[in-house]
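Enquirer: The following block contains the structure, expressed as C-alpha coordinates.
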Amino acid sequence: MGLDLGTTGIKALLCDSKGRTTATDFQPYKLFHPKPAWAEQNPDEWSRAIEAALQNLTSKSELPPSAISGIGLGSQIDGLVLLDSNGYPVRPAIIWMDRRAVSQCDRIRSLIPDRELYALTGLCADPSHVAAKILWVRENEPENWSKTKRILLPGDYVLFHLTGEYATDYSNASSTMLLDITRKEWSRKLCDILEIPYEMLPIVQPSTNVAGKVRKDLAKRAGLDPSTNVVVGGGDEEVGAVGAGVMNHADLLDLTGTAEPVCICVSKPTFDPEMLLECHAGAAPQSWLLENTGIVAGGLYRWFRDQFGQFEVETARRLGVDPYEVLNEEAAKAEPGSMGLICLPFFAGSITPEWNAQARGVFFGLTLSHRKEHVIRSILEGCAYVLRDVIDHGERLGLNVERITTAGGGARSKLWRQIKADVTNKTTVRPANEEVTAVGAVLLAAVGVGVYPDVRSAVKETIRAGDEVSPSRDAHETYDKLYKTYLKLYYAAKDLFPDIASFQEKQPSSCSN
(Lines give C-alpha, C1' and ligand atoms only; values in the text may rest on other atoms or scores of the structure.)
Protein backbone atom coordinates (compact mmCIF):
# COMPACT_ATOMS: atom_id res chain seq x y z
CA MET A 1 0.00 0.00 0.00
CA GLY A 2 1.08 3.55 -0.69
CA LEU A 3 -0.35 6.59 1.10
CA ASP A 4 0.13 10.13 -0.19
CA LEU A 5 -0.72 12.71 2.48
CA GLY A 6 -1.44 15.70 0.25
CA THR A 7 -2.78 19.16 0.95
CA THR A 8 -6.38 18.43 0.00
CA GLY A 9 -6.62 14.76 0.92
CA ILE A 10 -5.12 11.28 1.13
CA LYS A 11 -4.48 9.38 -2.09
CA ALA A 12 -4.09 5.65 -1.48
CA LEU A 13 -2.96 2.83 -3.77
CA LEU A 14 -2.77 -0.92 -3.42
CA CYS A 15 -0.42 -2.50 -5.95
CA ASP A 16 0.96 -5.95 -6.72
CA SER A 17 4.67 -6.71 -6.82
CA LYS A 18 4.91 -5.48 -10.43
CA GLY A 19 3.45 -2.09 -9.57
CA ARG A 20 0.06 -2.80 -11.13
CA THR A 21 -2.77 -1.02 -9.32
CA THR A 22 -5.27 -3.28 -7.57
CA ALA A 23 -7.33 -0.65 -5.73
CA THR A 24 -7.36 3.12 -5.19
CA ASP A 25 -9.03 5.53 -2.82
CA PHE A 26 -9.13 9.24 -2.03
CA GLN A 27 -10.25 10.84 1.22
CA PRO A 28 -10.51 14.66 1.38
CA TYR A 29 -9.99 16.91 4.37
CA LYS A 30 -10.17 20.63 5.03
CA LEU A 31 -7.61 23.39 4.73
CA PHE A 32 -8.02 26.51 6.87
CA HIS A 33 -6.69 30.03 6.26
CA PRO A 34 -7.29 31.90 9.57
CA LYS A 35 -5.40 34.93 8.20
CA PRO A 36 -3.80 35.91 4.89
CA ALA A 37 -0.62 33.85 4.33
CA TRP A 38 -1.65 31.39 7.10
CA ALA A 39 -2.55 27.75 6.37
CA GLU A 40 -3.49 25.08 8.90
CA GLN A 41 -4.97 21.58 9.05
CA ASN A 42 -6.30 19.33 11.78
CA PRO A 43 -4.09 16.24 12.26
CA ASP A 44 -7.12 14.33 13.56
CA GLU A 45 -8.65 14.72 10.10
CA TRP A 46 -5.53 13.15 8.59
CA SER A 47 -5.95 10.20 10.97
CA ARG A 48 -9.60 9.72 10.07
CA ALA A 49 -8.85 9.98 6.35
CA ILE A 50 -6.02 7.45 6.58
CA GLU A 51 -8.17 4.90 8.38
CA ALA A 52 -11.01 5.35 5.90
CA ALA A 53 -8.60 4.97 2.96
CA LEU A 54 -7.07 1.80 4.41
CA GLN A 55 -10.52 0.33 5.07
CA ASN A 56 -11.63 1.09 1.51
CA LEU A 57 -8.48 -0.38 -0.06
CA THR A 58 -8.82 -3.64 1.83
CA SER A 59 -12.53 -3.81 1.05
CA LYS A 60 -12.13 -3.06 -2.67
CA SER A 61 -9.27 -5.50 -3.16
CA GLU A 62 -11.04 -8.46 -1.51
CA LEU A 63 -7.59 -9.80 -0.59
CA PRO A 64 -6.93 -11.60 2.68
CA PRO A 65 -5.23 -9.29 5.21
CA SER A 66 -2.09 -11.45 5.19
CA ALA A 67 -1.59 -10.68 1.47
CA ILE A 68 -0.69 -7.05 2.27
CA SER A 69 2.96 -7.03 3.30
CA GLY A 70 3.79 -3.36 3.71
CA ILE A 71 2.65 0.26 3.76
CA GLY A 72 4.72 3.17 2.46
CA LEU A 73 4.24 6.90 2.98
CA GLY A 74 4.71 10.07 0.97
CA SER A 75 3.69 13.30 2.65
CA GLN A 76 3.53 17.05 2.35
CA ILE A 77 6.78 18.49 3.68
CA ASP A 78 7.51 21.67 5.65
CA GLY A 79 4.61 21.23 8.08
CA LEU A 80 4.76 21.48 11.88
CA VAL A 81 2.90 19.13 14.23
CA LEU A 82 3.44 19.60 17.97
CA LEU A 83 2.47 16.78 20.35
CA ASP A 84 1.98 16.78 24.11
CA SER A 85 3.20 14.11 26.55
CA ASN A 86 0.23 11.88 25.65
CA GLY A 87 0.87 12.07 21.91
CA TYR A 88 -1.99 14.47 21.14
CA PRO A 89 -1.60 17.59 18.94
CA VAL A 90 -1.45 20.75 21.05
CA ARG A 91 -2.69 22.93 18.16
CA PRO A 92 -3.61 22.59 14.46
CA ALA A 93 -0.74 21.71 12.12
CA ILE A 94 0.94 24.69 10.45
CA ILE A 95 1.44 23.38 6.91
CA TRP A 96 3.90 24.05 4.11
CA MET A 97 2.13 26.98 2.44
CA ASP A 98 1.94 29.00 5.67
CA ARG A 99 4.26 32.02 5.52
CA ARG A 100 3.46 33.78 8.82
CA ALA A 101 6.95 33.45 10.35
CA VAL A 102 8.58 36.36 8.50
CA SER A 103 9.98 38.11 11.57
CA GLN A 104 11.31 34.80 12.90
CA CYS A 105 13.30 34.38 9.68
CA ASP A 106 14.74 37.85 10.18
CA ARG A 107 15.86 36.75 13.64
CA ILE A 108 17.38 33.54 12.28
CA ARG A 109 19.40 35.60 9.80
CA SER A 110 20.67 37.76 12.64
CA LEU A 111 21.88 34.63 14.43
CA ILE A 112 23.40 32.78 11.49
CA PRO A 113 24.32 34.39 8.12
CA ASP A 114 22.35 33.28 5.08
CA ARG A 115 25.32 31.68 3.36
CA GLU A 116 26.36 29.77 6.46
CA LEU A 117 22.81 28.49 6.94
CA TYR A 118 22.58 27.47 3.27
CA ALA A 119 25.96 25.71 3.35
CA LEU A 120 24.91 23.76 6.44
CA THR A 121 21.30 22.89 5.61
CA GLY A 122 20.96 23.46 1.85
CA LEU A 123 18.01 25.75 2.65
CA CYS A 124 17.18 29.43 2.69
CA ALA A 125 15.73 31.15 5.76
CA ASP A 126 12.09 31.14 4.67
CA PRO A 127 8.83 31.09 6.67
CA SER A 128 7.76 27.90 4.91
CA HIS A 129 10.43 25.92 6.76
CA VAL A 130 9.77 24.18 10.05
CA ALA A 131 12.40 25.88 12.24
CA ALA A 132 10.84 29.30 11.62
CA LYS A 133 7.39 27.92 12.47
CA ILE A 134 8.69 26.46 15.72
CA LEU A 135 10.02 29.87 16.70
CA TRP A 136 6.68 31.49 15.82
CA VAL A 137 4.75 29.14 18.11
CA ARG A 138 7.25 29.58 20.93
CA GLU A 139 7.03 33.38 20.71
CA ASN A 140 3.32 33.78 20.01
CA GLU A 141 1.71 30.81 21.76
CA PRO A 142 3.81 30.17 24.89
CA GLU A 143 1.04 28.09 26.48
CA ASN A 144 1.01 25.68 23.54
CA TRP A 145 4.79 25.58 23.46
CA SER A 146 4.94 24.72 27.16
CA LYS A 147 2.80 21.63 26.47
CA THR A 148 4.99 20.46 23.58
CA LYS A 149 7.06 17.30 24.05
CA ARG A 150 7.49 16.17 20.42
CA ILE A 151 8.16 18.06 17.17
CA LEU A 152 7.00 16.20 14.06
CA LEU A 153 6.33 16.80 10.37
CA PRO A 154 3.01 15.70 8.79
CA GLY A 155 4.44 12.41 7.52
CA ASP A 156 6.00 11.72 10.92
CA TYR A 157 2.61 12.19 12.54
CA VAL A 158 1.00 9.73 10.11
CA LEU A 159 3.76 7.24 10.87
CA PHE A 160 3.15 7.72 14.60
CA HIS A 161 -0.60 7.22 14.13
CA LEU A 162 -0.01 4.00 12.19
CA THR A 163 2.71 2.47 14.36
CA GLY A 164 3.13 4.43 17.59
CA GLU A 165 6.77 5.05 16.62
CA TYR A 166 8.54 8.42 16.30
CA ALA A 167 10.75 8.68 13.21
CA THR A 168 11.38 10.79 10.12
CA ASP A 169 13.41 10.24 6.97
CA TYR A 170 16.24 12.22 5.42
CA SER A 171 14.04 13.92 2.80
CA ASN A 172 11.50 15.19 5.34
CA ALA A 173 14.22 16.20 7.78
CA SER A 174 16.04 18.12 5.05
CA SER A 175 13.08 20.51 4.76
CA THR A 176 13.20 21.61 8.40
CA MET A 177 16.20 24.00 8.35
CA LEU A 178 17.65 21.87 11.19
CA LEU A 179 19.37 19.03 9.30
CA ASP A 180 23.07 19.02 8.41
CA ILE A 181 22.45 18.13 4.76
CA THR A 182 25.92 16.71 4.09
CA ARG A 183 26.11 14.55 7.23
CA LYS A 184 22.39 13.70 7.15
CA GLU A 185 21.95 14.26 10.88
CA TRP A 186 20.30 16.87 13.05
CA SER A 187 22.54 19.89 13.55
CA ARG A 188 23.14 20.35 17.26
CA LYS A 189 24.73 23.68 16.40
CA LEU A 190 21.51 25.02 14.87
CA CYS A 191 19.33 23.55 17.60
CA ASP A 192 21.50 25.31 20.19
CA ILE A 193 21.51 28.62 18.31
CA LEU A 194 17.72 28.57 17.87
CA GLU A 195 17.10 27.08 21.33
CA ILE A 196 15.12 24.18 19.91
CA PRO A 197 15.33 21.10 22.18
CA TYR A 198 17.21 18.44 20.25
CA GLU A 199 15.47 15.63 22.13
CA MET A 200 12.04 16.72 20.81
CA LEU A 201 13.02 15.83 17.23
CA PRO A 202 12.34 12.34 15.82
CA ILE A 203 15.11 9.89 14.94
CA VAL A 204 16.23 10.20 11.28
CA GLN A 205 16.22 7.00 9.19
CA PRO A 206 16.30 5.94 5.53
CA SER A 207 12.88 6.07 3.86
CA THR A 208 12.85 2.30 3.23
CA ASN A 209 13.48 1.34 6.87
CA VAL A 210 10.64 -0.54 8.56
CA ALA A 211 9.54 1.73 11.41
CA GLY A 212 7.20 -0.81 12.96
CA LYS A 213 3.98 -2.81 12.60
CA VAL A 214 0.47 -1.42 12.22
CA ARG A 215 -1.07 -0.82 15.65
CA LYS A 216 -3.37 -3.69 16.58
CA ASP A 217 -6.45 -1.51 17.17
CA LEU A 218 -5.99 0.28 13.86
CA ALA A 219 -5.31 -2.97 12.01
CA LYS A 220 -8.58 -4.39 13.29
CA ARG A 221 -10.56 -1.33 12.17
CA ALA A 222 -8.87 -1.23 8.74
CA GLY A 223 -9.05 -4.94 8.01
CA LEU A 224 -5.25 -5.32 8.08
CA ASP A 225 -3.07 -8.00 9.59
CA PRO A 226 -1.30 -6.54 12.66
CA SER A 227 1.96 -7.98 11.32
CA THR A 228 1.84 -5.54 8.36
CA ASN A 229 5.07 -3.56 8.16
CA VAL A 230 5.12 0.23 7.78
CA VAL A 231 8.20 1.89 6.29
CA VAL A 232 9.32 5.39 7.25
CA GLY A 233 8.50 6.94 3.85
CA GLY A 234 9.46 10.45 2.75
CA GLY A 235 8.48 13.87 1.47
CA ASP A 236 5.97 14.09 -1.34
CA GLU A 237 8.18 15.42 -4.14
CA GLU A 238 11.10 13.20 -3.15
CA VAL A 239 8.89 10.10 -3.04
CA GLY A 240 7.23 11.36 -6.22
CA ALA A 241 10.60 11.38 -7.97
CA VAL A 242 10.88 7.66 -7.18
CA GLY A 243 7.36 6.99 -8.45
CA ALA A 244 8.06 8.94 -11.64
CA GLY A 245 11.32 7.12 -12.33
CA VAL A 246 13.27 10.38 -12.04
CA MET A 247 16.53 8.90 -10.77
CA ASN A 248 19.46 10.02 -12.95
CA HIS A 249 21.63 13.13 -12.86
CA ALA A 250 19.80 16.16 -14.38
CA ASP A 251 16.46 14.31 -14.63
CA LEU A 252 13.67 16.77 -13.79
CA LEU A 253 10.29 16.21 -12.14
CA ASP A 254 7.52 18.81 -12.32
CA LEU A 255 4.96 17.64 -9.75
CA THR A 256 1.72 19.62 -9.99
CA GLY A 257 -0.65 19.07 -7.11
CA THR A 258 -1.83 21.81 -4.78
CA ALA A 259 1.79 22.97 -4.92
CA GLU A 260 4.17 22.58 -7.85
CA PRO A 261 7.62 21.52 -6.63
CA VAL A 262 10.24 21.21 -9.35
CA CYS A 263 13.09 18.80 -8.62
CA ILE A 264 16.33 18.20 -10.51
CA CYS A 265 18.30 15.05 -9.62
CA VAL A 266 21.95 15.51 -8.70
CA SER A 267 24.52 12.83 -7.89
CA LYS A 268 25.85 14.50 -4.73
CA PRO A 269 24.91 17.41 -2.42
CA THR A 270 24.93 20.42 -4.75
CA PHE A 271 24.67 24.05 -3.71
CA ASP A 272 23.40 26.99 -5.74
CA PRO A 273 25.68 30.06 -5.40
CA GLU A 274 22.59 32.29 -5.66
CA MET A 275 20.77 30.19 -3.00
CA LEU A 276 17.67 30.10 -5.18
CA LEU A 277 17.37 26.32 -5.57
CA GLU A 278 17.55 24.34 -2.34
CA CYS A 279 19.36 21.05 -1.82
CA HIS A 280 17.23 18.27 -0.33
CA ALA A 281 17.96 14.65 0.42
CA GLY A 282 16.10 12.27 -1.87
CA ALA A 283 13.86 9.41 -0.79
CA ALA A 284 16.13 6.89 -2.51
CA PRO A 285 19.35 6.24 -0.56
CA GLN A 286 22.30 8.37 -1.69
CA SER A 287 20.09 10.56 -3.88
CA TRP A 288 19.81 14.34 -3.83
CA LEU A 289 17.54 16.91 -5.41
CA LEU A 290 17.97 20.56 -6.28
CA GLU A 291 14.49 21.93 -5.70
CA ASN A 292 12.13 24.78 -6.08
CA THR A 293 9.84 23.62 -3.29
CA GLY A 294 6.74 24.86 -5.04
CA ILE A 295 4.37 27.73 -5.60
CA VAL A 296 0.66 27.13 -5.03
CA ALA A 297 -0.18 26.02 -8.58
CA GLY A 298 -2.99 23.46 -8.52
CA GLY A 299 -4.22 25.28 -5.42
CA LEU A 300 -4.45 28.48 -7.46
CA TYR A 301 -6.42 26.71 -10.19
CA ARG A 302 -8.73 25.32 -7.50
CA TRP A 303 -9.15 28.82 -6.01
CA PHE A 304 -10.29 30.10 -9.40
CA ARG A 305 -12.63 27.15 -9.82
CA ASP A 306 -14.23 27.70 -6.41
CA GLN A 307 -14.49 31.49 -6.59
CA PHE A 308 -15.25 32.13 -10.28
CA GLY A 309 -15.98 28.77 -11.92
CA GLN A 310 -19.53 28.12 -10.76
CA PHE A 311 -20.76 27.82 -14.36
CA GLU A 312 -18.00 25.33 -15.23
CA VAL A 313 -18.64 23.33 -12.06
CA GLU A 314 -22.36 23.12 -12.84
CA THR A 315 -21.64 22.18 -16.48
CA ALA A 316 -19.29 19.44 -15.31
CA ARG A 317 -21.90 18.11 -12.89
CA ARG A 318 -24.47 17.96 -15.66
CA LEU A 319 -22.06 16.18 -18.04
CA GLY A 320 -20.60 13.90 -15.39
CA VAL A 321 -17.01 15.06 -15.91
CA ASP A 322 -14.28 16.73 -13.83
CA PRO A 323 -14.77 20.54 -13.56
CA TYR A 324 -11.13 21.02 -14.53
CA GLU A 325 -11.87 19.42 -17.91
CA VAL A 326 -14.44 22.13 -18.55
CA LEU A 327 -12.03 24.84 -17.37
CA ASN A 328 -9.32 23.43 -19.64
CA GLU A 329 -11.68 23.47 -22.62
CA GLU A 330 -12.45 27.10 -21.86
CA ALA A 331 -8.76 28.00 -21.58
CA ALA A 332 -8.02 26.25 -24.89
CA LYS A 333 -10.20 28.84 -26.66
CA ALA A 334 -7.56 31.49 -25.94
CA GLU A 335 -4.45 31.78 -28.08
CA PRO A 336 -0.98 31.24 -26.53
CA GLY A 337 -0.08 34.34 -24.52
CA SER A 338 -3.68 35.03 -23.41
CA MET A 339 -3.79 38.19 -25.48
CA GLY A 340 -1.05 39.79 -23.35
CA LEU A 341 -2.54 38.92 -19.95
CA ILE A 342 0.17 37.80 -17.52
CA CYS A 343 -0.43 36.16 -14.14
CA LEU A 344 2.11 36.30 -11.35
CA PRO A 345 0.98 33.13 -9.52
CA PHE A 346 2.39 34.13 -6.13
CA PHE A 347 -0.80 33.84 -4.08
CA ALA A 348 1.21 32.32 -1.21
CA GLY A 349 4.58 33.98 -1.78
CA SER A 350 7.29 33.36 -4.38
CA ILE A 351 10.35 31.15 -4.59
CA THR A 352 11.46 32.20 -8.06
CA PRO A 353 12.69 34.56 -9.37
CA GLU A 354 13.60 34.98 -5.68
CA TRP A 355 12.43 33.85 -2.25
CA ASN A 356 9.84 36.37 -1.14
CA ALA A 357 7.21 35.45 1.45
CA GLN A 358 5.49 38.79 0.91
CA ALA A 359 4.99 38.38 -2.85
CA ARG A 360 1.35 38.36 -3.92
CA GLY A 361 -0.66 37.35 -6.97
CA VAL A 362 -1.03 39.77 -9.89
CA PHE A 363 -3.04 39.80 -13.11
CA PHE A 364 -1.36 42.30 -15.45
CA GLY A 365 -2.41 43.59 -18.84
CA LEU A 366 -6.20 43.30 -18.51
CA THR A 367 -8.32 45.08 -21.12
CA LEU A 368 -12.00 45.13 -21.94
CA SER A 369 -11.25 42.65 -24.73
CA HIS A 370 -10.24 39.92 -22.30
CA ARG A 371 -12.65 37.11 -21.52
CA LYS A 372 -12.77 34.36 -18.95
CA GLU A 373 -10.78 31.98 -21.15
CA HIS A 374 -7.85 34.42 -21.14
CA VAL A 375 -7.83 34.64 -17.36
CA ILE A 376 -7.94 30.85 -16.97
CA ARG A 377 -5.16 30.31 -19.51
CA SER A 378 -3.00 33.03 -17.95
CA ILE A 379 -3.01 31.09 -14.66
CA LEU A 380 -1.69 27.98 -16.43
CA GLU A 381 0.89 30.08 -18.27
CA GLY A 382 2.03 31.90 -15.13
CA CYS A 383 2.81 28.58 -13.44
CA ALA A 384 4.69 27.49 -16.56
CA TYR A 385 6.83 30.65 -16.40
CA VAL A 386 7.88 29.60 -12.88
CA LEU A 387 8.86 26.18 -14.26
CA ARG A 388 10.95 27.80 -16.99
CA ASP A 389 12.65 30.03 -14.42
CA VAL A 390 13.74 26.94 -12.46
CA ILE A 391 14.98 25.14 -15.57
CA ASP A 392 16.91 28.19 -16.80
CA HIS A 393 18.53 28.52 -13.41
CA GLY A 394 19.43 24.83 -13.25
CA GLU A 395 21.02 24.99 -16.68
CA ARG A 396 23.09 28.01 -15.64
CA LEU A 397 24.42 25.70 -12.91
CA GLY A 398 25.51 23.22 -15.59
CA LEU A 399 22.57 20.80 -15.40
CA ASN A 400 21.47 19.83 -18.90
CA VAL A 401 17.73 19.20 -18.60
CA GLU A 402 16.70 17.22 -21.67
CA ARG A 403 13.00 16.76 -20.94
CA ILE A 404 10.37 17.36 -18.27
CA THR A 405 8.64 14.52 -16.44
CA THR A 406 5.34 16.03 -15.39
CA ALA A 407 3.11 14.32 -12.86
CA GLY A 408 0.41 14.87 -10.25
CA GLY A 409 -3.18 15.91 -10.84
CA GLY A 410 -2.12 18.81 -13.05
CA ALA A 411 -0.49 16.39 -15.50
CA ARG A 412 -3.93 15.11 -16.49
CA SER A 413 -4.42 18.32 -18.44
CA LYS A 414 -2.91 17.92 -21.91
CA LEU A 415 -3.36 21.66 -22.41
CA TRP A 416 -1.26 22.46 -19.34
CA ARG A 417 1.42 19.98 -20.44
CA GLN A 418 1.45 21.61 -23.88
CA ILE A 419 1.77 25.08 -22.35
CA LYS A 420 4.72 23.89 -20.25
CA ALA A 421 6.37 22.36 -23.32
CA ASP A 422 5.85 25.57 -25.30
CA VAL A 423 7.07 27.90 -22.54
CA THR A 424 10.20 25.86 -21.78
CA ASN A 425 10.86 24.54 -25.31
CA LYS A 426 11.22 21.06 -23.75
CA THR A 427 9.32 17.85 -24.43
CA THR A 428 7.09 16.86 -21.53
CA VAL A 429 6.47 13.20 -20.70
CA ARG A 430 3.89 11.85 -18.30
CA PRO A 431 4.35 8.60 -16.35
CA ALA A 432 1.78 5.90 -17.05
CA ASN A 433 0.45 6.51 -13.52
CA GLU A 434 0.61 10.24 -12.77
CA GLU A 435 -0.07 9.75 -9.03
CA VAL A 436 3.66 9.33 -8.58
CA THR A 437 3.88 10.05 -4.83
CA ALA A 438 1.50 7.22 -3.98
CA VAL A 439 3.33 4.96 -6.48
CA GLY A 440 6.67 5.93 -4.97
CA ALA A 441 5.32 5.12 -1.50
CA VAL A 442 4.34 1.66 -2.76
CA LEU A 443 7.87 1.10 -4.08
CA LEU A 444 9.48 2.21 -0.80
CA ALA A 445 7.30 -0.33 1.00
CA ALA A 446 8.22 -3.01 -1.53
CA VAL A 447 11.92 -2.39 -0.92
CA GLY A 448 11.43 -2.20 2.84
CA VAL A 449 9.78 -5.64 3.03
CA GLY A 450 12.27 -7.24 0.63
CA VAL A 451 10.28 -7.53 -2.61
CA TYR A 452 13.08 -5.60 -4.34
CA PRO A 453 16.72 -5.25 -3.23
CA ASP A 454 16.85 -1.48 -3.73
CA VAL A 455 14.86 1.48 -5.02
CA ARG A 456 16.53 1.60 -8.43
CA SER A 457 15.62 -2.04 -9.08
CA ALA A 458 12.01 -1.39 -8.04
CA VAL A 459 11.78 1.57 -10.40
CA LYS A 460 13.28 -0.38 -13.31
CA GLU A 461 10.78 -3.21 -12.89
CA THR A 462 7.61 -1.15 -12.40
CA ILE A 463 7.69 2.40 -13.82
CA ARG A 464 6.61 3.02 -17.41
CA ALA A 465 6.43 6.26 -19.41
CA GLY A 466 3.15 7.51 -20.81
CA ASP A 467 2.47 10.01 -23.57
CA GLU A 468 4.82 12.81 -24.66
CA VAL A 469 4.03 16.39 -25.74
CA SER A 470 6.47 18.29 -27.99
CA PRO A 471 6.83 22.09 -28.03
CA SER A 472 5.46 24.28 -30.82
CA ARG A 473 8.01 26.66 -32.34
CA ASP A 474 5.48 29.46 -32.94
CA ALA A 475 4.01 29.22 -29.44
CA HIS A 476 7.48 29.19 -27.90
CA GLU A 477 8.40 32.40 -29.70
CA THR A 478 5.30 34.06 -28.24
CA TYR A 479 6.02 32.80 -24.76
CA ASP A 480 9.69 33.72 -24.96
CA LYS A 481 8.72 37.38 -25.31
CA LEU A 482 6.09 37.28 -22.57
CA TYR A 483 8.39 35.39 -20.19
CA LYS A 484 10.81 38.32 -20.26
CA THR A 485 7.91 40.66 -19.46
CA TYR A 486 6.83 38.32 -16.65
CA LEU A 487 10.25 38.66 -15.01
CA LYS A 488 10.21 42.46 -15.39
CA LEU A 489 6.72 42.54 -13.89
CA TYR A 490 7.84 40.74 -10.74
CA TYR A 491 10.65 43.22 -10.10
CA ALA A 492 8.41 46.17 -10.92
CA ALA A 493 5.90 45.03 -8.28
CA LYS A 494 8.49 43.90 -5.74
CA ASP A 495 8.57 47.13 -3.72
CA LEU A 496 4.77 47.14 -3.42
CA PHE A 497 4.43 43.62 -2.00
CA PRO A 498 5.45 44.51 1.59
CA ASP A 499 2.87 47.32 1.67
CA ILE A 500 -0.04 45.11 0.74
CA ALA A 501 1.22 42.20 2.86
CA SER A 502 1.38 44.50 5.90
CA PHE A 503 -2.14 45.73 5.22
CA GLN A 504 -3.45 42.15 4.90
CA GLU A 505 -1.85 41.03 8.16
CA LYS A 506 -3.99 43.57 10.02
CA GLN A 507 -7.27 42.31 8.58
CA PRO A 508 -9.73 40.34 10.76
CA SER A 509 -9.19 36.61 11.00
CA SER A 510 -11.33 34.15 9.04
CA CYS A 511 -11.52 30.37 8.82
CA SER A 512 -12.28 29.78 5.14
CA ASN A 513 -11.21 26.47 3.63
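The values are calculated or read from the model by the stated rules, or taken from the named source; none is laboratory data. Remember, predicted model here, so these are calculated numbers, not experimental data. As a convention, Cβ positions derive from the backbone with ideal geometry for all residues, glycine included, and neighbour counts pool all protein chains shown. Calculation scope for accessible area: heavy atoms of the full protein, side chains included, ligands and nucleic acids excluded. Shrake-Rupley method; radii C 1.70, N 1.55, O 1.52, S 1.80 Å.
Enquirer: Please work out which residue is surrounded by the most Cβ atoms within 10 Å (Cβ to Cβ), limiting yourself to region 165-210 and to residues that are within 24 Å of residue 450 (Cβ to Cβ) and of a type in the set (D, E, K, R).
Expert: Going through the qualifying residues, I end up with 169.
Enquirer: Still on this structure, please answer the following. Which residue is farthest from residue 30 (Cα to Cα), if the candidates are limited to region 280-314 and must be surrounded by fewer than 23 Cβ atoms within 10 Å (Cβ to Cβ) and touching a Leu at 6+ places or on another chain (Cβ under 7 Å)?
Expert: The extreme case among them is 312.
Enquirer: Further question: Taking region 114-142 only, how many residues are more than 16 Å from residue 93 (Cβ to Cβ), in contact with a Ser or Thr (Cβ under 9 Å, 6 or more places away or on another chain) and crowded, with 24+ Cβ neighbours inside 10 Å?
Expert: 3
Enquirer: Please go through region 315-330 and give me each residue that is more than 29 Å from residue 98 (Cα to Cα), part of a helix (DSSP H, G or I) and open to solvent by less than 80 Å² (accessible area, probe 1.4 Å), ordered by number.
Expert: 315, 316, 326, 330
Enquirer: Which helices (runs of 4 or more DSSP H) does region 123-232 wholly contain that include 3 or more residues that are among the hydrophobic types (A, V, I, L, M, F, W, C)?
Expert: Qualifying helices (runs of 4 or more DSSP H): 130-140, 154-163, 188-194, 216-222.
Enquirer: Scan region 225-243 for residues that are touching a Pro at 6+ places or on another chain (Cβ under 6 Å) and open to solvent by 10 Å² or more (accessible area, probe 1.4 Å) and jot them down.
Expert: 225
Enquirer: Please go through (1) in a loop (DSSP other than H, G, I, E, B); (2) open to solvent by less than 10 Å² (accessible area, probe 1.4 Å) for residue 276 and return the number of the only condition it doesn't satisfy.
Expert: (2)
Enquirer: I would also like to ask the following. Among the residues of region 334-364, which ones are assigned to a loop (DSSP other than H, G, I, E, B), open to solvent by 30 Å² or more (accessible area, probe 1.4 Å) and more than 27 Å from residue 99 (Cα to Cα)?
Expert: Correct list: 335, 336.
Enquirer: Pick out the one residue from 460, 506, 481 that is more than 26 Å from the chain's Cα centre (by Cα) and more than 16 Å from residue 381 (Cα to Cα).
Expert: 506
Enquirer: Out of all the residues in region 57-113, which are small (Gly, Ala, Ser) and surrounded by fewer than 18 Cβ atoms within 10 Å (Cβ to Cβ)?
Expert: Pass one, region 57-113, residues small (Gly, Ala, Ser): 59, 61, 66-67, 69-70, 72, 74-75, 79, 85, 87, 93, 101, 103, 110.
Result: 59, 61, 66, 67, 69, 85, 87, 103, 110.
Enquirer: Cβ contacts < 6 Å: first residue open to solvent by less than 10 Å² (accessible area, probe 1.4 Å), restricted to region 1-27; second residue acidic (Asp, Glu), any location; separation 6+ or different chain. Result?
Expert: Listed by first residue and then by second, the contacts come to 12/25.
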